[in-house]
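Have a look at the structure below before the remarks.
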Amino acid sequence: MTPLVARLIWWAGTVAWYAIMHPNVRRSRKTPTTQRPERIRERVLMAISFTGLFAIPAVYCPTGVPRFAGYPFQPALAWLGAVVLVLALVLFFHTHRRLGRFWSVTLEIRQDHGLVTDGIYRFVRHPMYSAYFLWALSQALLLPNWIAGPAGLVGFGTLFAFRVRREEHMMLQTFGDAYAAYAARTKRIIPGVF
């Protein structure tokens, strides 16, 4: 493993990520929404997440900028990052596959929205967030730069911190006791832990 290969793996993972997401974006847009709270707040959080998970590493990978924040490349960490990225993509794919037309990039309830509690959702309430955290972790392992590497963890971590409680409140309002019972038996993003 070399730094160039690690950067190419990051790019390949990013392309695969969007290849998984794109058909679901098109499919979900065909289903009208019934709830869409605080659009400006959502856009700001999405911009912060996008900056950390894509914009900063997309500048770093071809240019090495910011150079002052670099540290020595560790092939073992990069290999681990590649494995974590594959796990993130598999989880991302299964999450999208199970959600189908109910998926949304922002907080939304769609017409005839159903509560999904099977498949990967048997283990955690928010496997999509789990996948994003794994993607961000892989970025930190693949890119030996104190800014570009952990930017995804900071960017997505910000979105998660300011969104997850609001999302769960919205789900509780929409699905009531069924969601409360589901939340009581599952963790948010790490099975059996958190």
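The values are calculated or read from the model by the stated rules, or taken from the named source; none is laboratory data. The structure displayed is predicted, hence computed values, not measured ones. Positions of Cβ are generated from backbone atoms using ideal geometry, with glycine treated the same way; all protein chains shown enter the neighbour counts.
Of all residues in region 117-145, those satisfying the criterion of being small (Gly, Ala, Ser) and either assigned to a strand (DSSP E or B) or at negative phi (or both) are SER130, ALA131, ALA136, SER138, ALA140. Kindly evaluate ALA161 against the criterion of being assigned to a helix (DSSP H, G or I), farther than 30 Å from PRO3 by Cβ and modelled with pLDDT of 95 or more. The answer is yes for ALA161. Applying the set (1) assigned to a helix (DSSP H, G or I); (2) in contact (Cβ under 8 Å) with a residue 24 or more places away in the chain to ALA148 leaves exactly one unmet item: (1). If you take the residues of region 151-194 that are touching a helix residue (DSSP H, G or I) at 6+ places or on another chain (Cβ under 8 Å), of a type in the set (Val, Ile, Thr) and within 18 Å of VAL116 (Cα to Cα), which of them is surrounded by the fewest Cβ atoms within 10 Å (Cβ to Cβ)? Looking at the filtered set, the residue picked out is ILE190. ALA178 falls short on exactly one of the conditions (1) within 20 Å of LEU89 (Cα to Cα); (2) touching a residue at least 40 places away in the same chain (Cβ under 8 Å); (3) not charged (D, E, K, R), and that condition is (1).
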